[in-house]
1. Pop out the ³J(HN,Hα) list for region 95-104 in order, Karplus 6.51 cos²θ - 1.76 cosθ + 1.60 with θ = phi - 60°, rounded to Hz; leave Gly and Pro as x.
2. Output ³J(HN,Hα) for region 343-357: one whole-Hz value per residue in order, computed from phi by the Karplus curve 6.51 cos²θ - 1.76 cosθ + 1.60 with θ = phi - 60°, and x for Gly and Pro.
3. Stretched out fully, how many nm does the piece from A195 to E102 gain, at 0.36 nm a residue minus the Cα gap?
4. With both partners inside region 109-194, how many of the DSSP beta bridges are antiparallel, as a percent to the nearest 5?
5. For the chain, what are the per-bin percents of Cα-Cα distances with bins 10 Å wide, up to the bin holding the maximum?
6. For region 183-321, what is one quarter of the convex hull surface built on the Cα atoms, given in nm²?
7. When the helices in the chain are scored as -39500 (n - 2.57) per DSSP H run of 4 or longer and the sum is shared across all residues, what 222 nm value do you end up with, to the nearest 500 deg cm²/dmol?
8. I need the phi-derived Karplus couplings for region 452-463: 6.51 cos²θ - 1.76 cosθ + 1.60, θ = phi - 60°, integer Hz, Gly and Pro marked x.
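No lab work stands behind these numbers, since they all come straight from the coordinates. Everything numeric here is computed off the predicted structure, so don't read it as measured data. Because the Cβ atoms are built from the backbone with ideal geometry, glycine has one as well, and the counts that use them run over all protein chains shown.
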Amino acid sequence: MTHAPADLLFTGGPILTMDSARTWASSLAVRGGRIIAVGHDEVKDLADPHTEVVDLRGRLLLPGFQDAHIHAVMGGVELGQCDLSDTTDPREYVRRVRAYAEANPGKEWITGSGWSMESFPGGVPTRDLLDAAVPDRPVYLTNRDHHGAWVNSRALELAGITERTPDPADGRIERDPGGVPAGTLQEGAMALVGALVPEPTAEDRLAGLLRAQELLHSLGVTAWQDALPAGSDGYPDPSDAYLAAARDGLLTATVVGALWWARGRGAEQIPELLERRERLTRGRLRCGTVKIMQDGVAENFTAAMTSPYLDVCGCATGNSGISFIDPEALKEYVTALDALDFQVHFHALGDRAVREALDAVRAARTANGWRDTRPHLAHLQVVHPDDLPRFRALGAAANIQPLWAAHEPQMDELTIPFLGPERAARQYPFGDLVRAGAVLAAGSDWPVSSPDPLHGVHVAVNRVAPGEDAEPFLPGQALDLVTALTAYTAGSAHVNHLDDTGSLRPGNRADLVVLDRDPFAGPAGAIAGTRVALTYAGGTRVYTAPGA
């Protein structure tokens with residue numbers, strides 16, 4: 001152990017190191033932004049009069065949390081728009097939209113996000129509600145999962161969408177019984193209106209990033225992986241915000257940018273991805289990942305399944321969801337990206353999309369040999385049992401969003417009835433993935449759902465939403481607390497290629513979080529009540545809770 005004095009010393013509480021043995025300690029020392037010692041009373045000898053000593057007072061110290069799937073800039077920008085989250089009352093949506101429009105008379109478009117599909121019959125809101133609130137300006141509001149948009153008549157008019165407008169190949173225009181557009185656009189159809197919405201300015205995006213970074217640090221998050229769409233598929237490009245923050249020393253988190261694969265294009269975009277990887281890797285920003293959206297979501301029947309969805313009567317339909325990229329072409333693209341040392345980050349909810357992504361990884365492994373590219377599949381709502389062992393065999397990580405694995409109206413009313421009992425019983429199989437030897441990483445998909453890792457941990461352990469007294473959702477898939485915390489620390493650090501983070505050992509970066517208690521000392525049902533007291537990034541304190 002080094003004998004040079006420490007800048008920081010943590011002592012007086014439990015320390016879960018997240019090393020390979022999941023070792024516990026009681027003291028940790030930091031110098032120059034790096035951990036120099038982890039142990040017990042002997043570490044205290046590294047303190048001198050200039051050392052800042054943090055008394056844990058029985059609180060748990062962990063590696064900083066990492067979010068392996070988040071849209072931080074998008075979430076930060078949306079915090080400044082019309083916010084429809086935290087309610088499911090359609091009347092409240094209309095009130096907020098009207099109030100936002102009245103408070104912003106100069107805005108050409110009324111934009112925002114956060115409405116829930118469960119608020120409307122069949123998950124489909126109609127234009128007339130928005131017309132009553134804002135009749136004279138276009139309105140474009142994405143739902144909480146960002147796979148659908150609610151628009152008013154003025155927005156449809158500006159986009160030229162009528163009963164004669166065909167559905168795009170990768171989406172659907174919801175229509176009334178007469179075929180007239182109802183006011184909801186699913187998946188690729190969102191771009192028909194979304195392409196007209198003025199993009200946030202560079203200043204808006206930077207402000208959104210800094211707003212998001214402050215929030216995430218308050219939740220103990222010190223690193224994340226964010227998608228960088230480059231304006232593709234109707235999503236704005238946040239890369240300028242990250243570059244500006246990295247250049248000006250404003251980026252205190254470490255960020256992995258997942259460069260967007262434009263699903264309407266093919267291999268000809270790979271040279272552009274290479275150029276973006278080089279240009280966008282700077283300081284705390286690194287961009288060696290490509291994100292591929294392989295399917296949609298189950299609630300609007302666009303998640304790609306191996307068998308058809310059911311209708312309201314429980315009979316099979318002719319719809320098994322959408323594979324956004326042809327599976328054979330996917331193999332070709334992933335193999336080419338892997339050969340260039342790109343990590344591939346798949347959006348894969350349905351069991352067919354999961355299988356197609358794993359088949360693509362297998363093709364890359366066969367063609368290129370085993371490369372340390374660490375592919376990962378996000379969401380994994382339905383996984384066929386035959387595919388569970390393939391994660392370990394192919395070295396593909398399972399990137400889970402634990403908050404979704406709970407009974408709530410969107411699950412119980414818009415998903416389970418249309419999957420059928422056998423497939424519904426295979427949802428979010430976290431426990432099966434662990435038992436099959438998969439590496440688990442974790443993310444929030446914020447602003448789709450809460451960015452709070454401790455709420456995600458609560459659901460992963462309890463399979464019940466925070467604050468709810470409900471029947472656990474498929475409790476056989478629950479994780480123990482150590483495994484759930486590992487997914488948010490060491491597991492996500494593995495996926496993010498941040499090998500000097502995610503565990504507390506000498507030489508690693510001092511990305512740390514101090515909780516306000518030791519959740520291992522209380523009941524599992526109380527995990528969600530745990531809050532963050534202190535957050536450190538590279539040994540620098542970036543968040544202090546009141547009274548901490």
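1. Coupling constants for region 95-104: 4, 5, 4, 5, 5, 5, 5, 5, 7, 10 Hz.
2. Running phi through 6.51 cos²θ - 1.76 cosθ + 1.60 with θ = phi - 60° gives 6, 10, 10, 8, 8, 9, 9, x, 5, 6, 5, 4, 5, 5, 5 Hz.
3. 31.1 nm
4. 65
5. 4, 18, 28, 27, 16, 5, 1, 0
6. Values: hull surface 45.0 nm².
Mean orientational projected area (region 183-321, Cα hull): 11.3 nm².
7. The helix contribution divided over the chain gives -8000 deg cm²/dmol.
8. The phi angles translate into 6, x, 5, 5, x, 4, 4, 6, 4, 7, 9, 6 Hz.
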